[in-house]
Amino acid sequence: MDICVFGSASDSIDKKYIEAGELLGESLGKRGHNLVFGGGSAGLMGAVARGVRKGKGKIIGVIPKFFEEKGYESIDYTCDKLIRTQTMAERKATMSGACDGYIVTPGGIGTFEEFFEVLTLKQLGVHKKPIVIFDVDGYFDDINRAFLCAMEKSFVRENCAKLYKTFNKVEEVIDYLENYSAEKEEWSLLK
């Protein structure tokens, strides 16, 4: 499978996140999966890419040209394929079009935005790909609580809890992706 991974582009985060990202990437590569990601060499993006490379997987990076021109992120020029886009929207569309599923790792505003976009598109039936959160050290506890609160207050249908899964172990993340079946879902109940 070609897996799109969203995550931090910052190296100023605690090393436990970097180590978890490298383990995730290496496990993906060893299990025969490839990485589609934002093309950064720092933070969790860089960690997952290093891990996938170590596990012998292929890597597709997607960066907006202006990131490179303005030095917004350190770029991973060792990707098997590095795609340059004009805009952030084109970057996300390219990553989504090239993947079979999504893993969300700890990150900031960009990661949250990417997660909520693919979540919304799945709820609307635009795609039926698996979305899994890799919850390192409880990082996503508050987002999961907010989602439950929205369901309890009827802002989100309860069936929408099926749109994504959260795991804190690498093996569970990958097992979920490998065993996911879109045919088992009742998509009409999610809207």
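Just so it is clear, none of the values below were taken in a lab; they were calculated from the coordinates. Computed from a predicted model, the values in this text were never measured in an experiment. FYI the Cβ positions are ideal-geometry reconstructions off the backbone, even for glycines, and counts take in every protein chain you see.
Side notes on the structure shown:
- Base-10 log of normalised Debye intensity for the stretch 1-78 (one unit scatterer per alpha-carbon) at q = 0.19, 0.23 Å⁻¹: -0.69, -0.96
- With Cα atoms, 0 to 90° folded angle of helix 88-97 axis to the chain main axis: 70
- Crossing angle, helix 141-152 versus the chain [Cα axis fit, 0-90 degrees, rounded to tens]: 30
- Of all DSSP beta bridges in the stretch 1-148, antiparallel share, percent nearest 5: 5
- In the distance distribution for the chain, Cα-Cα pairs more than 32 Å apart total 11 percent.
- Sites listed here are chymotrypsin sites (Phe, Trp or Tyr not before Pro) in the stretch 61-144 whose DSSP assignment is loop and whose Cβ has at most 12 other Cβ atoms within 10 Å: Tyr77.
- Contact order, relative form, for the chain: 21 percent (alpha carbon pairs under 8 Å, 6 or more residues apart, mean separation divided by residue count).
- Using a 4.7 Å Cβ-Cβ cutoff, the cysteines of the chain lacking any partner cysteine are Cys79, Cys149, Cys160.
- Separation between Cα centres of the stretch 110-139 and the stretch 1-80, rounded to whole Å: 17
- Rounded to 10°, Cα long-axis angle of helix 43-54 versus longest principal axis of the chain: 70
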